[in-house]
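K.L.:
Before I ask anything, here is the structure I am working with.
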Amino acid sequence: MAGDRDRRIRRWRQYLADERAEAQLYRELAGRSSGEERAVLQGLADAEGRHEAHWLALLGDQAGSPRRTDLRTRLLVFLARRFGSLFVLVLAQRAEGRSPYGRDEDATETMAADERIHGEVLRGLAARGRTQLAGTFRAAVFGANDGLVSNLALVLGIGATGVDRMTVLFTGVAGLLAGALSMGAGEYVSVRSQRELLEASRPDPASQAALPHLDVDANELALVYRARGMSEAEATAHAAQVLSTLRLDEDDAAAVGVDENEAVGSPWRAAISSFLFFGSGALIPVLPYLLGASDVAAVVIAAAAVGVALLATGAVVGILSGASPLKRALRQLAIGFGAALVTYLLGLLFGAAGI
């Protein structure tokens with residue numbers, strides 16, 4: 001029995017250390033935030049303080065000297081103190097989801113529920129960051145991966161035909177420039193077009209002047225909202241509300257189904273980001289040839305370097321999406337190497353055939 005009691009005390013002390021570290025994490029993040037986000041993070045810190053008080057009450061005079069929390073939480077606190085970032089929020093969300101309180105009889109149901117809700121709170125905060133980052137981040141990740149995979153496939157495919165090192169090098173550089181320019185231009189057109197489509201879906205401000213002259217009984221304004229996707233009852237009620245104030249609010253865009261918070265980003269920022277990241281990714285498979293390597297050595301070095309980069313970008317995507325970094329990294333690696341292998345085998349085939 002004494003052994004069981006000692007194990008429980010050690011577990012309580014560890015929980016106490018974890019709660020203190022998590023409260024510190026949220027205070028660090030709150031210190032780098034403002035407005036509503038700061039208040040929410042401070043609220044999380046206060047909740048962790050209540051959990052801390054629970055373990056202190058159980059431990060009494062056996063709380064002992066403060067224990068260190070696990071390495072992952074210490075790393076999160078360090079990152080929050082130095083940077084404060086979306087990465088920290090996402091990793092903290094995953095940590096809250098692994099809380100053991102639901103399986104521990106010494107933790108209250110309220111504490112277990114708190115931890116589950118904390119994960120959703122962090123998911124909401126992370127969603128804000130993802131929304132702000134989405135346009136540029138999408139262009140950056142897609143650009144880097146396209147550069148890595150397409151230029152590795154191009155370099156390996158051409159190299160497998162048996163041509164000299166300089167030909168492979170010039171081909172890789174040409175692929176880098178052509179691909180980066182194409183990606184940048186494509187991103188600009190894509191994001192610009194998306195913004196224009198959203199603009200075309202928003203209510204026309206000039207419609208404000210027509211409101212006082214509408215027939216209130218006929219309620220033509222309801223047809224606008226029905227055309228935008230509302231049911232007849234919803235459209236009639238909302239039109240009556242607008243007519244009662246004779247003011248077409250900015251919020252009508254949301255009311256009729258236009259998502260004002262949709263993350264489209266800046267077309268120029270997306271284009272420049274895509275250009276730079278494609279170029280940086282496409283440079284990696286060219287580097288061995290640029291530094292004088294050739295034949296099998298260049299292939300091995302290029303494949304290894306691109307493999308590391310693919311694992312890194314896949315892990316980053318996994319972290320930011322709240323998924324397993326390892327699974328995303330391995331998926332990225334498999335897709336990239338699969339594409340490169342196909343072109344390499346075709347290069348060997350064409351080289352052997354003398355084409």
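K.L.:
If we keep just the residues of region 19-46 that are in a helix (DSSP H, G or I), of a type outside the set (D, E) and exposed (fewer than 13 other Cβ atoms within 10 Å of the Cβ), which is modelled with the lowest pLDDT?
P.N.:
Taking region 19-46 and keeping what is in a helix (DSSP H, G or I), we get 19-31, 35-46.
Within this subset, residues satisfying the condition of being of a type outside the set (D, E) are 20-21, 23-27, 29-31, 35, 38-45.
Keeping just the survivors that are exposed (fewer than 13 other Cβ atoms within 10 Å of the Cβ) gives 35, 39.
On the way: G35: 80, A39: 87.
Of everything passing the filter in region 19-46, G35 is modelled with the lowest pLDDT.
K.L.:
Okay, next question. Here is a check on your reading of the model: is A315 surrounded by fewer than 17 Cβ atoms within 10 Å (Cβ to Cβ) and either in the same structural domain as L148 (by TED's automatic domain parsing) or assigned to a helix (DSSP H, G or I) (or both)?
P.N.:
Here the answer is no, as A315 does not meet what is asked.
K.L.:
Here's a follow-up. Within region 314-355, restricting attention to residues that are hydroxyl-bearing (S, T, Y) and at pLDDT 80 or above, which residue is farthest from D164 (Cα to Cα)? Walk me through it before giving the result.
P.N.:
Initially, region 314-355 is screened for residues hydroxyl-bearing (S, T, Y), giving 321, 324, 343-344.
Filter once more, so that each one left must be at pLDDT 80 or above: 343-344.
Values: T343: 17, Y344: 15 Å.
The residue in question is T343.
K.L.:
Suppose we filter G3, G64, G49 for residues that are exposed (fewer than 14 other Cβ atoms within 10 Å of the Cβ), of a type in the set (G, A, S) and modelled with pLDDT of 70 or more; which single one remains?
P.N.:
G64
The values are calculated or read from the model by the stated rules, or taken from the named source; none is laboratory data. On a predicted model such as this, the values are computed, not experimentally measured, just so you know. Note: ideal-geometry Cβ built from the backbone for every residue, glycine included; neighbour counts use all protein chains shown.
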